[in-house]
1. Got a number for residues in region 36-48 being among the aliphatic types (A, V, I, L, M) and part of a loop (DSSP other than H, G, I, E, B)?
2. Among the residues of region 85-98, are any in contact with a Leu (Cβ under 6 Å, 6 or more places away or on another chain), more than 25 Å from R7 (Cβ to Cβ) and of a type in the set (G, A, S)?
3. Tell me, yes or no, whether region 61-79 has at least one residue that is in contact with a His (Cβ under 7 Å, 6 or more places away or on another chain) and more than 18 Å from L128 (Cβ to Cβ).
4. Considering region 77-89 alone, what residues qualify as being surrounded by 14 or more Cβ atoms within 10 Å (Cβ to Cβ) and of a type in the set (K, R)?
5. Looking only at region 16-43, which residues are more than 19 Å from A86 (Cβ to Cβ), in contact (Cβ under 8 Å) with a residue 12 or more places away in the chain and out of contact with any Lys or Arg (no Cβ under 9 Å at 6 or more places or on another chain)?
6. On the basis of being in contact (Cβ under 8 Å) with a residue 60 or more places away in the chain, farther than 16 Å from P96 by Cα, in a strand (DSSP E or B) and not charged (D, E, K, R), does G53 make the cut?
7. Go through (1) within 15 Å of the chain's Cα centre (by Cα); (2) closer than 22 Å to I19 by Cα; (3) surrounded by 15 or more Cβ atoms within 10 Å (Cβ to Cβ) for L74 and report which single condition fails.
Amino acid sequence: MNATDLRRYGLFPVARFRIQDRKLQIEFTNLKITELPECIYAFFIGGKVVRIGSSKARLKYRLRNYERHITHALNGRKSPTPAQEARKWKKLAGRPGAIYARQGTEVKTRLGKFRAYMDEESILIGKLFREEPRDQILNRNKHR
């Protein structure tokens with residue numbers, strides 16, 4: 001999955017990131033989108049997507065949590081990010097990347113309107129696992 005695919009799915013760059021000195025650093029470049037809730041996002045580095053996720057809360061809060069959790073894991077501290085995933089993040093050290101995102105698509109059903117961001121995330125994760133070598137994917141499993 002490449003940048004062209006992400007744009008085709010309606011995701012656009014919202015932040016830059018890098019791992020430096022065992023710390024994940026994220027710099028927001030599109031504050032409008034990062035203020036939105038119910039988003040899907042993709043970490044993109046080296047010409048490929050390495051992680052796909054979603055956030056019920058405003059995207060900026062989810063990404064700030066990533067900074068903290070991954071930084072803790074990279075430094076051997078307690079974190080929701082497992083050591084196995086931290087080792088994969090460590091391999092990305094020093095290389096700049098981008099985070100692409102958008103708010104989930106609003107759908108109308110008999111139950112009312114809602115954003116289908118979790119369904120969209122699941123579909124994109126499935127695509128990622130079909131297209132990329134598993135050892136290069138930072139998602140822990142094929143489903144949320």
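1. Going through region 36-48 one residue at a time, the tally reaches 1.
2. The answer is yes, given that some residue of region 85-98 is in contact with a Leu (Cβ under 6 Å, 6 or more places away or on another chain), more than 25 Å from R7 (Cβ to Cβ) and of a type in the set (G, A, S).
3. Yes, region 61-79 contains a residue that is in contact with a His (Cβ under 7 Å, 6 or more places away or on another chain) and more than 18 Å from L128 (Cβ to Cβ).
4. Answer for region 77-89, where residues must be surrounded by 14 or more Cβ atoms within 10 Å (Cβ to Cβ) and of a type in the set (K, R): just K88.
5. The answer is R16, N30.
6. It is true that G53 is in contact (Cβ under 8 Å) with a residue 60 or more places away in the chain, farther than 16 Å from P96 by Cα, in a strand (DSSP E or B) and not charged (D, E, K, R).
7. All conditions are met except number (1).
Matching residues to (1) out of contact with any helix residue (DSSP H, G or I) (no Cβ under 9 Å at 6 or more places or on another chain); (2) more than 17 Å from E27 (Cβ to Cβ):
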{"residue": "R64", "(1), (2)": "yes, no"}
{"residue": "S79", "(1), (2)": "no, yes"}
{"residue": "P82", "(1), (2)": "no, yes"}
{"residue": "A98", "(1), (2)": "no, no"}
{"residue": "T105", "(1), (2)": "no, yes"}
{"residue": "R115", "(1), (2)": "yes, yes"}
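None of the figures in this text is laboratory data; all of them are computed from the coordinates on show. These numbers come from a predicted model, not from an experiment. Every residue, glycine as well, gets a Cβ built from its backbone with ideal geometry; the counts of neighbours run over all protein chains shown.
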